[in-house]
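Visitor: One structure coming up, written as structure tokens, with questions to follow.
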Amino acid sequence: MSNRTLRFETWLAGIWAGIIVGIGAVSAPSLFAVLERPLAGAGAGRIFATEAVVSLVIAIVLFVAERGRVRDRIEAGEKLSVMSGPLLIILGALFLTVFGHYAITPMIQAAKAGHPTRLSFGALHGISAALFWMKGVLVLSLAWRLGGLRDEAAAAQLP
């Protein structure tokens, strides 16, 4: 069970990383390259909103899978912490998703609508972009780390 779970987690983390890079480095910049700024901004906002929901679902699935994998190893007698490195990375990416989408995005929308905010639209947009790319780095490191764990598990099973 643990090896299949690890394989699934590695695959899902890789998909998640691909989604983040695809949206942040390809989709959003492409919209601004071909559309008028307001229309491109609306399209990018919609894409990032969808990405946030997808990220929440993936993070929860990965959290449950990693928690179960570590629990199985502990029950098998291994001396491990219940807070594994991958689990902490997943929680970090989950926090950045929630904070970016549910705290920063509403402030960006308010600033864009002309409502007074503590920070300017540009500053809020910069913070949002930084949070998004920090999440990307975490998810890429998660995929890398899980791949390394998978290689270690495969090497341990060799005769």
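The values are calculated or read from the model by the stated rules, or taken from the named source; none is laboratory data. Computed from a predicted model, the values in this text were never measured in an experiment. All Cβ positions, glycine included, derive from the backbone under ideal geometry; neighbour counts span all protein chains shown. Heads up: the accessible areas ignore ligands, DNA and RNA and are worked out on the full protein's heavy atoms, side chains in. Shrake-Rupley method; radii C 1.70, N 1.55, O 1.52, S 1.80 Å.
Visitor: Output yes when any residue across the stretch 137-156 is among the hydroxyl-bearing types (S, T, Y) and closer than 30 Å to P38 by Cα, and no when none is.
Guide: Filtering the stretch 137-156 for residues among the hydroxyl-bearing types (S, T, Y) gives 141.
Then keep just the ones that are closer than 30 Å to P38 by Cα; that gives none.
Checking the stretch 137-156: not a single residue is among the hydroxyl-bearing types (S, T, Y) and closer than 30 Å to P38 by Cα.
The rows are residues; the columns are (1) touching a helix residue (DSSP H, G or I) at 6+ places or on another chain (Cβ under 8 Å); (2) under 29 Å from R7 (Cβ atoms).
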| position | (1), (2) |
| --- | --- |
| I58 | yes, yes |
| V64 | no, yes |
| G68 | yes, yes |
| R73 | yes, yes |
| L87 | yes, yes |
| I90 | yes, yes |
| L119 | yes, no |
| L124 | yes, no |
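Visitor: Would you point out the residue of the stretch 113-159, among those that are among the charged types (D, E, K, R), part of a helix (DSSP H, G or I) and without any contact (Cβ under 8 Å) to a residue 40 or more places away in the chain, that is most open to solvent (accessible area, probe 1.4 Å)? Step through it out loud before you land on a result.
Guide: Residues of the stretch 113-159 that are among the charged types (D, E, K, R), as a first pass: 118, 135, 145, 150-152.
Checking which are part of a helix (DSSP H, G or I) leaves us with 135, 145, 150-152.
The next check asks that each one be without any contact (Cβ under 8 Å) to a residue 40 or more places away in the chain; those that pass are 151-152.
On the way: D151: 106, E152: 123 Å².
The residue in question is E152.
Visitor: Failed condition for P29, given (1) open to solvent by 30 Å² or more (accessible area, probe 1.4 Å); (2) closer than 24 Å to V98 by Cβ; (3) of a type outside the set (D, E), with all others met?
Guide: (2)
Visitor: Among A44, A13, which is buried (at least 18 other Cβ atoms within 10 Å of the Cβ) and under 14 Å from the mean Cα position of the chain (by Cα)?
Guide: Values: A44 fails: under 14 Å from the mean Cα position of the chain (by Cα).
The match here is A13.
Visitor: State whether one or more residues within the stretch 26-45 are closer than 24 Å to S84 by Cα, at pLDDT 95 or above and either β-branched (V, I, T) or touching a strand residue (DSSP E or B) at 6+ places or on another chain (Cβ under 7 Å) (or both). Break it down stepwise before answering.
Guide: At the first step, the residues of the stretch 26-45 found to be closer than 24 Å to S84 by Cα are none.
Within the stretch 26-45, not a single residue is closer than 24 Å to S84 by Cα, at pLDDT 95 or above and either β-branched (V, I, T) or touching a strand residue (DSSP E or B) at 6+ places or on another chain (Cβ under 7 Å) (or both).
Visitor: Do the conditions hold for V70, that is, is it open to solvent by 20 Å² or more (accessible area, probe 1.4 Å) and of a type in the set (V, I, T)?
Guide: Working: open to solvent by 20 Å² or more (accessible area, probe 1.4 Å): no; of a type in the set (V, I, T): yes.
Against the criterion (open to solvent by 20 Å² or more (accessible area, probe 1.4 Å) and of a type in the set (V, I, T)), V70 does not qualify.
Visitor: Output the number of residues of the stretch 74-108 satisfying the condition of being surrounded by fewer than 16 Cβ atoms within 10 Å (Cβ to Cβ) and modelled with pLDDT under 95.
Guide: Count: 11.
Visitor: Here's another thing I want to ask about it. Across the stretch 16-26, what is the number of residues that are within 15 Å of the chain's Cα centre (by Cα) and surrounded by fewer than 18 Cβ atoms within 10 Å (Cβ to Cβ)? Full working, then the answer.
Guide: Keep residues of the stretch 16-26 that are within 15 Å of the chain's Cα centre (by Cα), which gives 16-25.
From what is left, the residues that are surrounded by fewer than 18 Cβ atoms within 10 Å (Cβ to Cβ) are 18, 21-22, 25.
The number of residues fulfilling the criteria is 4.
Visitor: Under 17 Å from the mean Cα position of the chain (by Cα), surrounded by 14 or more Cβ atoms within 10 Å (Cβ to Cβ) and within 22 Å of Y102 (Cα to Cα), is that true of L56? If you could, list the steps in order and put the result at the bottom.
Guide: Working: under 17 Å from the mean Cα position of the chain (by Cα): yes; surrounded by 14 or more Cβ atoms within 10 Å (Cβ to Cβ): yes; within 22 Å of Y102 (Cα to Cα): yes.
Yes; evaluated as a whole, the condition is true for this residue.
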